[in-house]
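*Asks:* One structure, pasted below without further comment.
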Amino acid sequence: DILRRIGDRPRLALFINNLAEVRLRLGLDREAEQLLLFGRRVCNVSAPRLAQFSLVMARVQLAKGKTVEAFRDLAAALAPTGISLSAAPGRDGLKIPETRGWSGPSGALVGDALRVGARVALEEGDTEKALLMIERAEAEGGSIRGRAENALLRCLHARAVGESFLDTAKESLR
């Protein structure tokens, strides 16, 4: 409340976004969603911060099993970067533009969004789209946590297509 009163909306938006992520990790999906909706309304956030809100909202929707809504929020999260996810014809019937090796917060956002997109695709059973998103997320590089999640997604993908994921898991530990 004090941040809102003193007019520090960017910091309040960051606080709300981080708190929503914590609530989501604790399994408090509904509370995280309510907090994000409150944050959007109160903070009148800029496009980059709105992208972060949309990414966390996509995670909330995925946790609730709402894959269509999660994909919509992912599209909103990636919009400020100029990247769009589409199912137009292309490699294996899909077209996801090459990412540009973003750096800093935008790079982390792109990698995170692609990893969430891979989870959404796996949830929907679209293993081709999931693999393409995993490859793009790996191309972005990222933090140790991001690379670990990429390895986990590789294993989940292998399991989804009926392959042994033991070798993939062993390789990710090297």
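The values are calculated or read from the model by the stated rules, or taken from the named source; none is laboratory data. Because the structure is predicted, anything quoted here is derived from the model rather than measured. Cβ: placed from backbone, ideal geometry, glycine included. Neighbour counts: every protein chain shown. Calculation scope for accessible area: heavy atoms of the full protein, side chains included, ligands and nucleic acids excluded. Shrake-Rupley method; radii C 1.70, N 1.55, O 1.52, S 1.80 Å.
*Asks:* So if I check each of V68, V56, V22, which one is β-branched (V, I, T), modelled with pLDDT of 85 or more and under 18 Å from R115 (Cβ atoms)?
*Replies:* V56
*Asks:* When you go through (1) modelled with pLDDT of 80 or more; (2) open to solvent by 30 Å² or more (accessible area, probe 1.4 Å); (3) under 23 Å from D73 (Cβ atoms); (4) not basic (K, R) one by one for I144, which number turns out not to apply?
*Replies:* (3)
*Asks:* Then there is this: Looking at T168, T99, T81 in this structure, which one is of a type in the set (S, T, Y), modelled with pLDDT under 85, more than 13 Å from the chain's Cα centre (by Cα) and under 23 Å from N17 (Cα atoms)?
*Replies:* Details: T168 fails: under 23 Å from N17 (Cα atoms); T99 fails: under 23 Å from N17 (Cα atoms).
Just a single option satisfies the conditions, and that option is T81.
*Asks:* Continuing with this model, one more query. Considering only residues that are surrounded by fewer than 22 Cβ atoms within 10 Å (Cβ to Cβ) and without any contact (Cβ under 8 Å) to a residue 24 or more places away in the chain, look in the range 121-137 and name the one that is nearest to L109 (Cα to Cα).
*Replies:* Selected residue: E135.
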